[in-house]
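Student: Before anything else, here's the structure in question.
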Amino acid sequence: MPHDSATTFRIRPIEARDDAAIAAIIRTVMPEFGASGCGFAINDPEVDWMHRAYAAPRSVYFVIERDDASGDTVVEGGGGIAPLSGGDDATCELRKMYFLPGLRGVGAGAALMTRCLDAARGFGFRQCYLETLTGMDAAMRLYERSGFRRIDAPMGATGHGGCNTFYLRELADH
């Protein structure tokens, strides 16, 4: 069977060599949705050193890579979980989940969501929170298909005042 790089992707934990690629993805995707000003994750200091930020306890960040036309491996997206800043020990946050356009619509979001939620359960979290922005419709559909439900107000102290849509998901073992 021929190898189809258009739909074949690999998910793995971030490494130091991925920092520049993930920073570029975040800085490319967020402005697509008007999320480039004050109060958005694009301005978080960790964007430039994601591997170090997610080496913290009960944290993990995954990258999604594919082979390009020349056979080189290219990082095209990522996402992770970490304890919710200002939250309780039972709540994590799904963080910085962004994909370049070519990775969208091929099942990578659902696969990455599964990896992140499984990791959250493994770290002992009982619920997962996320915040997003009106206009990120495909992302919101993914969250809802993944069992997240909208909540009325933000949780914790993420510093992302620009976000205006909030979700929570219980992490029952299964």
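The values are calculated or read from the model by the stated rules, or taken from the named source; none is laboratory data. Just so it is clear, the model here is predicted, and its values are computed rather than measured. Counting neighbours? That spans all protein chains shown, and the Cβs are built from the backbone with ideal geometry, glycine included. These area figures cover heavy atoms from the full protein model, side chains too; ligands, DNA and RNA do not enter into them. Shrake-Rupley method; radii C 1.70, N 1.55, O 1.52, S 1.80 Å.
Student: On a 0 to 90° scale, report how tilted helix 19-32 is relative to the longest principal axis of the chain, with both axes built from alpha carbons and the result rounded to the nearest 10.
Tutor: The helix 19-32 is inclined about 70 degrees to the chain.
Student: Per residue, what volume in Å³ does the convex hull of the Cα atoms of the chain enclose?
Tutor: 117
Student: Can you send over the carbon and sulfur percentage of the accessible area for segment 49-174, probe radius 1.4 Å, protein chains only?
Tutor: 51
Student: Another question, if that's okay. Output wanted: per-residue J couplings in Hz (rounded whole) for segment 50-58, from phi through Karplus 6.51 cos²θ - 1.76 cosθ + 1.60, θ = phi - 60°, x for Gly and Pro.
Tutor: 4, 4, 6, 4, 8, 7, 5, x, 6
Student: For the chain, with every protein chain kept in place, what is the accessible area per residue (1.4 Å probe, Å²)?
Tutor: I get 48 Å² per residue for this part.
Student: Once you have a ≥ b ≥ c as the square roots of the Cα gyration tensor eigenvalues for segment 75-174, tell me rounded if a/c is under 1.5, and otherwise prolate or oblate according to whether a/b is larger than b/c.
Tutor: Oblate is the answer for segment 75-174, as a/c is 1.5 or above yet b/c matches or exceeds a/b.
Student: Nearest 5 percent is fine: what portion of the DSSP beta bridges confined to the chain is antiparallel?
Tutor: Taking every DSSP beta bridge with both residues in the chain, the antiparallel ones total about 90 percent.
Student: Here is a follow-up. Treat every Asp and Glu Cβ in segment 48-174 as -1 and every Lys and Arg Cβ as +1, leave all other atoms uncharged, and give the resulting dipole magnitude about the Cα centre to the nearest 20 debye.
Tutor: Taking the Cα centre of segment 48-174 as origin, the dipole is about 240 debye.
Student: Inverting the mean 1/r over all pairs of different Cα atoms, compute the Kirkwood radius of segment 62-102 and quote it in Å.
Tutor: Answer for segment 62-102: a Kirkwood hydrodynamic radius of 12.0 Å.
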